[in-house]
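Before any comments, here is the structure.
Nothing in this text is a laboratory measurement; each read-out follows from the coordinates by a stated rule. Remember, predicted model here, so these are calculated numbers, not experimental data. Note that each Cβ is placed from the backbone with ideal geometry, even for glycine, and that neighbours are counted across all protein chains shown.
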Amino acid sequence: MPDTHFYRYDDYDRTLLSERVEQFRDQVRRRLAGELTEEQFKPLRLTNGLYLQLHAYMLRIAIPYGTLSSRQLRKLAEIARKYDRGYGHFTTRQNLQLNWIKLEDAPDAIAALAEVDMHAIQTSGNVIRNTTADHFAGAAADEIEDPRVWCEIIRQWSTLHPEFSFLPRKFKIAITGSPNDRAAVRVHDVGLRLWRNPEGQVGFEVIVGGGLGRTPIIGKTIREFLPKDELLAYLEAVLRVYNRYGRRDNIYKARIKILVHEIGVEKMREEVEAEFVQNKDTSLRLDPQTIEAISSQFAPPALSHRSAVVGAVEALKLENRDFALWLKSNTAPHRMAGYRIVTASLKPAGAPPGDASSAQMEGVADIADAYSQGEVRVSHEQNLVLPHVAVEDLPAVYAALERLGFAEANVGKITDIIACPGLDYCALANARSIPVAQSISNHFASLAKQHDIGDLKIKISGCINACGHHHVGHIGILGVDKNGVELYQISLGGDVDFGKTSLGDIIGPAVGADRVVEAVDALVATYLERRDEGERFVDTYRRLGVEPFKERVYATV
Amino acid sequence: MPLYKEGSIAPIAADDQLAPLPLADWLKAPTQAVMLANTDVLDPLKNHMGRLKLIALQFPKYTDGRAYSQARLLRSRLGYRGELRATGDVLRDQLPFLLRCGFDSFESNQAGFGPALARARTLFSVVYQSSSDDRAPAALLRLKLRNATAEALAAD
Ligand code: HEM
Ligand code: SF4
């Protein structure tokens, strides 16, 4: 099995994980013995990733910076088989959720995770959550620096942070290391963007107070350039200001975005900088050796030279139209010629977005071992990524993914839908999300049609909490409840890619579940008729505005 | 409410000489003990660090974590060395965090709090971040280990 090319746990990390498992085991025991009330237990289980859903407990497992070794993925498959129903759900936050966990089993499931240096710490609750990153990190052609180094530094610093374990609300950090933001840094509590300044130094732009949910807000820059070694000093300043002044009187107003909104970004900057002045040059400053030691573990794999143009691949392209489409939509430029980044689509026609069975996870792990340096990534679009595939191996990888049902050539297309769990699982839901995604997916199943429509992102949430990111969907679909009837509100023009973050506009009254597909069809038809050469759906929308789309939808619906 | 300190499993008697006053009252006539609301600012205490023997901080609910930041500022920034007491809704599962933020006495109604306090420091032998308890974070230990290894190799 190939060596891993990302952070490797040492004895310190493993000791902490196993001590955490024992602590949680004791907490569960006390809960089952009635020594802890549910109210007292709740924050404890949440910070161990255990959520109470409609039907059962859900375990949310962290996949730090979305990076997995094949060995870890096999273990996840095993855990899903042993403690759940043999499948798991990859989420938009680079987590894996198991939906049918028993409370009594949770400590053993978490202990099994620790065997492969994984955990569910702080994947839920009012704490600093799993830091997410560009899923192409370390492989992308456009990258300035690998953001995962900093995610790992943040992972360690934020884990069981004594001061920040009872925040007003959850706190999510995302990092991108490339100018084409694939980590949605402007819709996180803190977004960090690595960039090179005119003096040639690389540092962070610090963005604060973004978020979706019921009050979608695009984050504001509070620091143009932060030297990398002061990252923790700065974050500690941001978190301290938030912990002290963030609202705690109303759960819906408790995120940092509301604080920034209420006091204004200028005041926020002032407060944070005043704290930062005191923190900088203290032990919070990262030692260059520490940075180097962690960076070196993310050193890219030594890839052998492979040819960029391969006869067999060219031939297959001509022979197999689906393969040709797949190359276009499901592979991306690698920083090394002769290699591609391959996305395995977890959205085959009609399937629940992001689900994978244990057998499928094992299948992907095998492909990663054979063709991708034993490495797999989880994307915030709920797909899996094979980061280092030689061009020459693409036909074999395509065939292997096809056998798993993960070779649908639809990445970035209309059926590559993001959907939250919705009413099928979630206690907060107004409406179902997954079945809506499935009907849209079935309706637009033709690959030729999808590629003709081009890049179009549909995002679906089952309620205003926006776990499905509907605000930033080119087409956003939001489940609402009107006197017990599930209706869907449609918005257009949201975007989160490549730094062009915008929030969608609602087009009009919500429509019934049976009309969602028709409405989407009307939107697409309008686009196809009115688009200019080379325009994506969202570009046409921006040019024409909402009227023609709206008219068509409400004429048919 | 029962009061606990490390070193005793049973609750201990509070020192009557040190009854903390709410900040507003205390400011009128500063004594050796003050009680802060978790929204109080710390500036007015700055010049009294020598005088203060007890500062009581409050957890109105155990999920309200503002007093952790107050504790850290008192210990690490204002250099407070006296007793720092956690009061209100204080539960044993907070102890690893409370101890690391510099609290050293605890009011709690929870059964089993005393024995839990006695074990609290043994729950985690590794910490990942520096705080107000002077424990060395893993990153620092790794650094020392690397440098020691390098030195040993150089001497070899
Ligand atoms: C099934 C149980 C779930 C529940 C009860 C739940 C609950 C919530 C709530 C209450 C919020 C709003 C937070 C706020 O605005 O302060 C939220 C936001 C969010 N959740 Fe979930 N969630 C669930 C599942 C998921 C899943 C499966 C994903 C990933 C696919 C997810 C990703 C997110 C994201 C990305 C946000 C919004 C953005 C933001 O934080 O600003 N959640 N969730
Ligand atoms: S958006 Fe609403 S329905 Fe969907 S998972 Fe989040 S809380 Fe549940």
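Below, the figures for the structure above:
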read-out: Cysteines not pairable in chain A (beta carbon separation under 4.7 Å absent); value: A:Cys151, A:Cys426, A:Cys463
read-out: Rounded to whole Å, sorted largest first: equivalent-ellipsoid semi-axes of the stretch B:7-156, Cα gyration tensor; value: 33, 20, 13
read-out: Against the rule of thumb 2.2 N^0.38 Å, how large the Cα Rg of the stretch A:311-404 comes out; value: 1.03
read-out: Cβ-Cβ FRET estimate between A:Glu535 and B:Ala13, R0 fixed at 60 Å, reported to 0.05; value: 0.15
read-out: Percentage relative contact order, chain A, counting C-alpha pairs under 8 Å, at least six apart; value: 13 percent
read-out: Packing rank of B:40-48, A:365-373, A:266-274, where each peptide gets the mean count of other beta carbons within 10 Å, highest leading; value: A:365-373, A:266-274, B:40-48
read-out: Given A:Lys457/A:Lys550; A:Lys413/A:Lys449; A:Lys170/B:Lys46; A:Lys102/B:Lys61; A:Lys172/A:Lys220; A:Lys317/A:Lys449, the pairs whose alpha carbons are separated by over 20 Å; value: A:Lys170/B:Lys46; A:Lys102/B:Lys61
read-out: Rounded to the nearest 20 debye, dipole of the stretch B:3-124 from Cβ charges on Lys, Arg, Asp, Glu; value: 440 debye
read-out: Computed E for B:Ser125/A:Glu266 - FRET, C-beta separation, R0 45 angstrom, nearest 0.05; value: 0.55
read-out: Whole-number percent relative contact order across the stretch A:195-303, with pairs defined as alpha carbons under 8 Å at least 6 apart; value: 26 percent
read-out: The stretch A:418-555 - convex hull of the alpha-carbon atoms, volume per residue in Å³; value: 104 Å³
read-out: Rg and Dmax of the protein assembly as shown, Cα atoms only, in Å; value: 26.6, 91
read-out: Number of partner chain Cβ atoms within 10 Å, mean per residue of B:91-97; value: 5
read-out: Considering only the protein assembly as shown, percent of DSSP beta bridges that pair antiparallel, nearest 5; value: 70 percent
read-out: Pairwise FRET efficiency - A:Asp26 versus A:Ile144, Cβ, R0 = 60 Å, nearest 0.05; value: 0.85
read-out: Rh by Kirkwood over Cα pairs, then Stokes-Einstein D for the stretch A:147-296 at 1.306 mPa s and 10 °C, µm²/s; value: 102 µm²/s
read-out: Å³ per residue enclosed by the Cα convex hull of the stretch A:280-353; value: 168 Å³
read-out: Helix axis angle, B:138-155 relative to chain B longest principal axis, alpha carbon, degrees; value: 30 degrees
